[in-house]
Protein chains: 2
Amino acid sequence: MINQYKEQLKEHNLKLTDKRLKLIEVLAGDEKYMSAKEIQSKLADYFPTISYDTIYRNLHTLTDIGVFEQTSLDQEMHYKIACVTHHHHHFICERCGVTQVVEYCPVEKWQNELGDVKLNSHKVELYGYCEKCA
Amino acid sequence: MINQYKEQLKEHNLKLTDKRLKLIEVLAGDEKYMSAKEIQSKLADYFPTISYDTIYRNLHTLTDIGVFEQTSLDQEMHYKIACVTHHHHHFICERCGVTQVVEYCPVEKWQNELGDVKLNSHKVELYGYCEKCA
DNA sequence: TCCTAATTCGTAATCATTCTGATTAAACTA
DNA sequence: TAGTTTAATCAGAATGATTACGAATTAGGA
């Protein structure tokens, strides 16, 4: 499964560095939104001196090419591995951060309602407590 | 119309200070999301030395009691006057920040799809260019 | 193996936001 | 209207996330 991401990196002429691959591994291994701090603490097991510059730069780069997706929670950016299958949104647990997919998205209804505006993107996020945290 | 907000302040035992009232006036006069910086520059006409502490504190306080609503854009919080009429969401122009209401919200469908999670809140935001900015 | 541009490092800088302790003023009471 | 109380404000320092910078390292190709 990591090979799919290696392909994506190559397609964008990005080098396969150990930091990048481990970063992808960490995010791919846990289907939840994580802050830069959480990510650095997980990476610290493998790279104790990794720079925040490296973390942030790669989070941006990989978000740009669609490997990660981001959202702003508690005034800090959080990142998770992107879902490539099809368009959908997420429920996010406010306690533990785990996500659950929601398929339904009425974007055409909204476009109809809006009329002549040019819709570029949209965000749908559902917040609450997952079954474990409730 | 400002009287409605004065009532809300009184209901929550908040004092009617000149800074607060002008802040509400500024946000109520422009139906768009504004950053703290934009807000301070508008307030500076009336209170050249107003402190950011005052601005942020009141933005929070008034958001808490439902006078303002907030969203995170470009890693900074933005605020607008709240719409009190009924539940709905917004389209936000990525260039000028103006908003447009969208009525449709399938929150029950999402709750059905999610099953046993406890849904506390949700965010729906549509981004793009308004007719003027397109 | 060597070259070169991309990547990373360590740290300083920036920027939004929050905190602190002192001062001011809204609102209530007499 | 003056006095009292307590919330609100101020100025500026502190915090915390994120970005920038110049030097050092390294992936990937020749």
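Tabulated values for the structure
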{"quantity": "Listed residue pairs exceeding 30 Å between alpha carbons, taken from B:6/B:37; A:109/B:32; A:15/B:32; B:15/B:132; A:37/A:132; A:6/A:32", "calculated": "A:15/B:32; B:15/B:132"}
{"quantity": "Nearest 10 degrees, 0 to 90: helix B:18-28 Cα axis against chain B principal axis", "calculated": "40 degrees"}
{"quantity": "Karplus 3J(HN,Hα) series, Hz, for segment A:49-60 with 6.51 cos²θ - 1.76 cosθ + 1.60 (x for Gly, Pro)", "calculated": "10, 4, 7, 4, 4, 5, 5, 5, 4, 6, 4, 5"}
{"quantity": "Beta bridges per DSSP with both ends in segment A:89-128, % antiparallel, nearest 5", "calculated": "50 percent"}
{"quantity": "Those aspartates and glutamates that a straight Cα-Cα span of less than 15 Å connects to residue B:118, excepting residues fewer than 8 apart in one chain", "calculated": "A:94, A:125, A:131, B:108"}
{"quantity": "Other copies of residue A:7: label-to-label distances in nm, shortest first, labels 7 Å along the beta-carbon direction", "calculated": "6.2"}
{"quantity": "Per-residue mean of C-beta atoms belonging to partner chains within 10 Å, peptide A:98-110", "calculated": "4"}
{"quantity": "Beta bridges by DSSP in chain A, antiparallel share as percent, to the nearest 5", "calculated": "75 percent"}
{"quantity": "Environment charge of residue A:42, counting only residues whose C-beta is closer than 15 Å and scoring Lys/Arg +1, Asp/Glu -1", "calculated": "0"}
{"quantity": "Isotropic mean projected area of the C-alpha convex hull, segment A:2-81 (nm²)", "calculated": "4.9 nm²"}
{"quantity": "Using θ = phi - 60° and Karplus 6.51 cos²θ - 1.76 cosθ + 1.60, couplings along segment A:110-121 (whole Hz; Gly, Pro as x)", "calculated": "5, 4, 4, 5, 7, x, 7, 6, 8, 7, 9, 6"}
{"quantity": "Amide H contacts of residue A:68 (H built 1.01 Å from N, under 5 Å, at least 5 apart or other chain)", "calculated": "A:63, A:82"}
{"quantity": "Per-residue [θ]222 nm for chain B (sum of -39500 (n - 2.57) over DSSP H runs n ≥ 4, rounded to 500)", "calculated": "-11000 deg cm²/dmol"}
{"quantity": "Mean Cα-pair separation over length for chain B, i.e. relative contact order, pairs under 8 Å, 6 or more apart, %", "calculated": "21 percent"}
{"quantity": "Degrees, to the nearest 10: B:2-11 long Cα axis against longest axis of chain B", "calculated": "80 degrees"}
{"quantity": "Per-residue HN-Hα couplings for segment B:123-134 [Karplus 6.51, -1.76, 1.60; θ = phi - 60°; Hz; x = Gly/Pro]", "calculated": "10, 10, 9, 10, 10, x, 10, 6, 4, 5, 8, 4"}
{"quantity": "Segment A:29-102 and segment B:53-103: distance between their alpha carbon centers, rounded to Å", "calculated": "25 Å"}
{"quantity": "Chain A: most fluctuating residue of A:114, A:43, A:73 per GNM, C-alpha cutoff 10 Å", "calculated": "A:114"}
{"quantity": "Pseudo-label separations to other copies for residue B:95 - Cα-to-Cβ vector, 7 Å, nm", "calculated": "4.6"}
{"quantity": "Accessible surface buried upon A-B contact (total; probe 1.4 Å; Å², nearest 100)", "calculated": "2900 Å²"}
{"quantity": "For A:65-73, mean number of other protein chain Cβ atoms within 10 Å", "calculated": "1"}
{"quantity": "Residue mean of other protein chain beta carbons inside 10 Å, B:50-59", "calculated": "0"}
{"quantity": "Kirkwood Rh and Cα Rg combined as Rg over Rh, evaluated for chain A", "calculated": "1.01"}
{"quantity": "Rg [Å, one decimal], Dmax [Å, integer] - the protein assembly as shown, C-alpha atoms", "calculated": "21.1, 62"}
{"quantity": "Where rotation carries B onto A, the chain B residue whose Cβ is nearest that axis, in whole Å", "calculated": "B:72, 2"}
{"quantity": "Solvent-accessible area per residue, Å², over segment A:2-81 with all protein chains present [probe radius 1.4 Å]", "calculated": "54 Å²"}
{"quantity": "Max mean-square fluctuation residue, GNM over chain A, Cα-Cα springs under 10 Å, options A:120, A:13, A:112", "calculated": "A:120"}
{"quantity": "Rounded to 5, percent antiparallel among DSSP beta bridges of the protein assembly as shown", "calculated": "80 percent"}
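The values are calculated or read from the model by the stated rules, or taken from the named source; none is laboratory data. This one's a predicted model, so the numbers in the text were calculated from it and none came from an experiment. Heads up, the Cβs are rebuilt from the backbone with ideal geometry, glycines too, and the neighbour counts pull from every protein chain shown. Note: accessible area is taken over every heavy atom of the protein model, side chains too, but ligands, DNA and RNA are not part of it. Shrake-Rupley method; radii C 1.70, N 1.55, O 1.52, S 1.80 Å.
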